[in-house]
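Colleague: First, the structure itself, so that you have it in front of you.
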């Protein structure tokens, strides 16, 4: 707002009272320009800091300076704006990666595996986090990376459940195990850092979900921002592409749901190795009698004890002392 007011004032001065400055010496006009350029000239102090921190920002700064000095002001600003847009597209392409998250022990926090050494992946669950907007320029790169990481996690971080088919044979001293491994896997996609999702990225998300679910991988969305969720609802993707039961408010809730689905579809069984005897079958839990039957049974035990000790007490009471 302040810049707009300043521009309007300068425009008014040039159009209305500019003729009053015709008699001023050029040295005075040069001093006015130099004073106004003090802030711009002071930006040269930022060159060492930009060189150490961000080379792309320094490149934009140098390109703007050179284009403005070589060409006129209008063409120089146009070149600077176009170059800035190219740098922005390059940043989104280069830094639109997908990171694998792991759980901090004894907590519900999930951090990047490449940055924290103590975090561990949940068996059978791959948690991925997108840290950039998803649009037509980077959607193919991002979802290709998601496919590769899910395939790697399905192979290295799968939950294998073996059914305990133990066949006892009297002729063989070792026990034989016929275990059938059942692989189940879930993908939890953390969208907390995604600020924008266009139609191309939405279609790519739909395609990735179809491909992964055809391979037996369940896709869950976690921490989806409300603006992204509203956009998905408007496009009809929440009920068609992504069911409402696959969207969770946090990564921890999605992981708990994944573990619940894993336990529901593949209940844990006893795993036997050759040469080991099977452990005894678990006993059935004791049946609880009703309260009335427990009281009646307790009264019966008390009465039986009283009857068993009654003759001895009677003999002691009527015993005649010896003369």
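The values are calculated or read from the model by the stated rules, or taken from the named source; none is laboratory data. What you see is a predicted model, and the numbers here were worked out from it, not measured in a lab. As a convention, Cβ positions derive from the backbone with ideal geometry for all residues, glycine included, and neighbour counts pool all protein chains shown.
Colleague: Tell me which of these residue 133 doesn't satisfy, since it passes every other one: (1) in the same structural domain as residue 214 (by TED's automatic domain parsing); (2) modelled with pLDDT under 90; (3) more than 22 Å from residue 56 (Cα to Cα).
Modeller: Going through (1) in the same structural domain as residue 214 (by TED's automatic domain parsing); (2) modelled with pLDDT under 90; (3) more than 22 Å from residue 56 (Cα to Cα) one by one, residue 133 breaks only (3).
Colleague: Would you mention how many residues in the stretch 87-128 are touching a helix residue (DSSP H, G or I) at 6+ places or on another chain (Cβ under 6 Å) and exposed (fewer than 13 other Cβ atoms within 10 Å of the Cβ)?
Modeller: Looking only at that region, the number is 1.
Colleague: List the pairs whose first member sits in the stretch 31-43 and is over 22 Å from residue 21 (Cα atoms), whose second member is at pLDDT 80 or above, and whose Cβ atoms are under 8 Å apart, counting only residues at least 6 apart or on separate chains?
Modeller: 43/61
Residue by residue, here is whether (1) outside the structural domain of residue 133 (by TED's automatic domain parsing); (2) exposed (fewer than 12 other Cβ atoms within 10 Å of the Cβ); (3) not in a helix (DSSP H, G or I) holds:
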site	(1), (2), (3)
24	yes, yes, yes
27	yes, yes, no
39	yes, yes, no
43	yes, yes, no
60	yes, no, no
75	yes, no, no
80	yes, no, no
85	yes, yes, no
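Colleague: Being more than 25 Å from residue 192 (Cα to Cα), at pLDDT 50 or above and in a loop (DSSP other than H, G, I, E, B) is the filter here; which residues of the stretch 249-279 pass it?
Modeller: Of everything in the stretch 249-279, those that are more than 25 Å from residue 192 (Cα to Cα), at pLDDT 50 or above and in a loop (DSSP other than H, G, I, E, B) turn out to be 266, 267, 268.
Colleague: Right, something else. Any residue in the stretch 190-198 that is without any contact (Cβ under 8 Å) to a residue 40 or more places away in the chain and assigned by TED's automatic domain parsing to the domain that holds residue 131?
Modeller: No, the stretch 190-198 contains no residue that is without any contact (Cβ under 8 Å) to a residue 40 or more places away in the chain and assigned by TED's automatic domain parsing to the domain that holds residue 131.
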